[in-house]
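Quick notes on the structure that follows.
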Amino acid sequence: MKLLMRLFVLIAFLSFSASSNAQSFGLKGGLNMSNIAMSEDGEDFDEDFKYTPGFHFGPMVEIPFSDNFSIEAALLATTKGAQLKEEEMGFDYSMKLFLLYVDVPVLAKVSFGVGPAKVYAAVGPYVGGGIMGKSKYEVSYGGETESETEDIVWGDGEDADLKRLDYGVSAGAGVEFGALQLGVSYGYGLANVSPESEGDVNVNHRVLGVSLGYRFGIK
């Protein structure tokens, strides 16, 4: 979590460096569609996993440096995970992975006026930490279903399910109408969150988001 704290300090420094009258603070939230990319010894298993719905929500700050360029940072509670469904010999297997993270994206934002609105594009790094998680397994056969839910164990050891730290690149675009902001974003995880020490196993997060935001003090 030390990296998260360093980002908080950076955001605070940028906030005080810019004109306090020019900053805008707000809230954003919306829908997540999350998935994972997985490979082992060079073989990809991306097609096995499907997107699963979730949410994101939290405060944001925008620090302008010119009419067309600004830095936007946020502190978001955001869901990640994936789901898997297979059928074999009359058995239906399913797995759903639900993870809750706190993410801090820091994005360089370019915007242009289009009539009464502003169109923007943004890109930059994010870093996050896993807070909680659950995995649910179901097996169905002959009309009967058995299920089991387990808590995710975070860490780097042999008994861990996933590493807690995640980081990557986030890119997005959207439109602003006064105080309202509507946007889409895609988080491309670069951190390998697999704790496996044997073999070449890589697990990375992928998150597509649709957000609605409100910035206070903007007319």
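The values are calculated or read from the model by the stated rules, or taken from the named source; none is laboratory data. Here the structure is a predicted model, which is why all the values come from computation and not from measurement. Cβ sites come from the backbone with ideal geometry, for glycine too, and all protein chains shown count toward neighbours. Remember, those area values only see protein heavy atoms, side chains included, never the ligands or the DNA or RNA. Shrake-Rupley method; radii C 1.70, N 1.55, O 1.52, S 1.80 Å.
So L75 clears everything in (1) in contact (Cβ under 8 Å) with a residue 12 or more places away in the chain; (2) open to solvent by 40 Å² or more (accessible area, probe 1.4 Å); (3) more than 23 Å from G187 (Cα to Cα); (4) in contact with a Gly (Cβ under 9 Å, 6 or more places away or on another chain) except one condition, right? Which one? For L75, the failing item is (3).
Please pick out the residue among G183, G174, G178, G189 that is under 12 Å from the mean Cα position of the chain (by Cα) and either closer than 22 Å to L107 by Cβ or modelled with pLDDT of 95 or more (or both). Full working, then the answer.
Numbers: G183 fails: under 12 Å from the mean Cα position of the chain (by Cα); G174 fails: under 12 Å from the mean Cα position of the chain (by Cα); G178 fails: under 12 Å from the mean Cα position of the chain (by Cα).
Selected residue: G189, the only one of G183, G174, G178, G189 that is under 12 Å from the mean Cα position of the chain (by Cα) and either closer than 22 Å to L107 by Cβ or modelled with pLDDT of 95 or more (or both).
Is it the case that some residue within region 80-93 is hydroxyl-bearing (S, T, Y), out of contact with any helix residue (DSSP H, G or I) (no Cβ under 7 Å at 6 or more places or on another chain), in contact (Cβ under 8 Å) with a residue 40 or more places away in the chain and surrounded by 15 or more Cβ atoms within 10 Å (Cβ to Cβ)? So far as region 80-93 goes, no, none of its residues is hydroxyl-bearing (S, T, Y), out of contact with any helix residue (DSSP H, G or I) (no Cβ under 7 Å at 6 or more places or on another chain), in contact (Cβ under 8 Å) with a residue 40 or more places away in the chain and surrounded by 15 or more Cβ atoms within 10 Å (Cβ to Cβ).
What about F112, is it more than 23 Å from Y51 (Cα to Cα), hydrophobic (A, V, I, L, M, F, W, C), open to solvent by 30 Å² or more (accessible area, probe 1.4 Å) and outside any loop (DSSP other than H, G, I, E, B)?
Details: more than 23 Å from Y51 (Cα to Cα): yes; hydrophobic (A, V, I, L, M, F, W, C): yes; open to solvent by 30 Å² or more (accessible area, probe 1.4 Å): yes; outside any loop (DSSP other than H, G, I, E, B): yes.
So F112 fits the description; yes.
Residue count for region 11-45 satisfying the condition of being closer than 23 Å to G172 by Cα and modelled with pLDDT of 60 or more: 16.
The sole residue among P105, P64 that is of a type outside the set (D, E, K, R) and in contact with a Pro (Cβ under 9 Å, 6 or more places away or on another chain) is P105.
Considering only strands (runs of 3 or more DSSP E) fully contained in region 116-219, which possess at least 2 residues that are at negative phi and surrounded by 15 or more Cβ atoms within 10 Å (Cβ to Cβ)? Can you show your working first?
Working: elements: 117-141, 144-151, 165-177, 180-189, 201-216.
Correct list: 117-141, 165-177, 180-189, 201-216.
Of all residues in region 71-102 being over 21 Å from the mean Cα position of the chain (by Cα) and assigned to a strand (DSSP E or B), which is modelled with the lowest pLDDT? Looking at residues that are over 21 Å from the mean Cα position of the chain (by Cα) and assigned to a strand (DSSP E or B), I get E88.
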